[in-house]
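Take a look at the structure set out below.
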Amino acid sequence: MMEPRPAEELVEAARGVGVTEPRLLDAVRVVRRCDFVPPEFRVFADEDRPIPLPHHQVTTQPSLSARMIEALTLTGTEHVLEVGTGYGYQTALLAKLAGFVTSIERWPDLAAQARHNLAAAGIDNVRVVVGDGTGGVPDGAPYDAVLVSAAFPTVPPPLAHQLMSGGVLVQPIGPGGADEVTLFQRTAEGLVRVEPFLRARFVRLYGRYGYP
Ligand SMILES: C[S@@+](CC[C@H](N)C(=O)[O-])C[C@H]1O[C@@H](n2cnc3c(N)ncnc32)[C@H](O)[C@@H]1O
């Protein structure tokens, strides 16, 4: 099988969308995306584009993942909640940047593959759970940061409640397919919209507080 090239192309793509955080660029450099995609798409893994997953899902484009992670301004100690694990590539990047990552995926086979991929990559500061991520993962709360990888017009209330005071949340806000990736912060008054910082096309967020 042809071995994919080193991830320098993905590092350049991340820089191209404005990512400057050196730890994040290093994470993009060292995490082998080819180990987080279905085998038939391995040869495309170092191209900055989405890759199909089972159940009509797609991976997030790596530069977009990097830009969303940068918006969380992680320092290395945080507990992060990720909603929508997929095959675990973005989870792996988060695990390099934070203290611990709890990630929730609604499809059990995707979660199982993500667990396998993360363990094979030697990443052990993560927990992948199966379920409806619009309800968050209460037993790990409160979180310092939340990253939602699917789109809905509003933030599911449980995610805001499970965020620590001062904590940040990034979610694509929109119907899915034409969305504004938006940064929020939990304050004493509740969840405050800080700014939309990127337009992108995401798959839909399904669940009790998402699409039915
Ligand atoms: C665009 S993919 C992103 C996957 C991964 N984060 C990546 O970077 O490749 C969105 C993922 O969110 C999952 N998803 C959608 N709604 C969900 C929900 N309510 N709870 C958990 N996962 C959900 C989908 O099954 C899919 O795997």
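Structure above, values below:
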item	result
Least to most buried among Thr85, Thr134 (fewest other Cβ within 10 Å first)	Thr134, Thr85
Relative contact order (percent, whole number), region 129-212, Cα cutoff 8 Å, 6+ residue spacing	30
FRET efficiency estimate (nearest 0.05) - Cβ-Cβ, His55 to His161, R0 30 angstrom	0.60
Per residue Cα convex hull volume in Å³ - calculated over region 8-200	104
Peptides 11-21, 172-182, 97-107, 190-200 ordered by average Cβ neighbours within 10 Å, highest first	97-107, 172-182, 11-21, 190-200
Efficiency of FRET between Val17 and Arg127 - r from beta-carbon atoms, R0 22 angstrom, step 0.05	0.15
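Just so you know, all these numbers are worked out from the coordinates, no wet-lab data involved. It should be emphasised that the depicted structure is a prediction, and the values quoted were computed from it without experimental measurement. Neighbour counts are summed over all protein chains in view; Cβ atoms, including those assigned to glycine, are modelled from backbone coordinates with ideal geometry.
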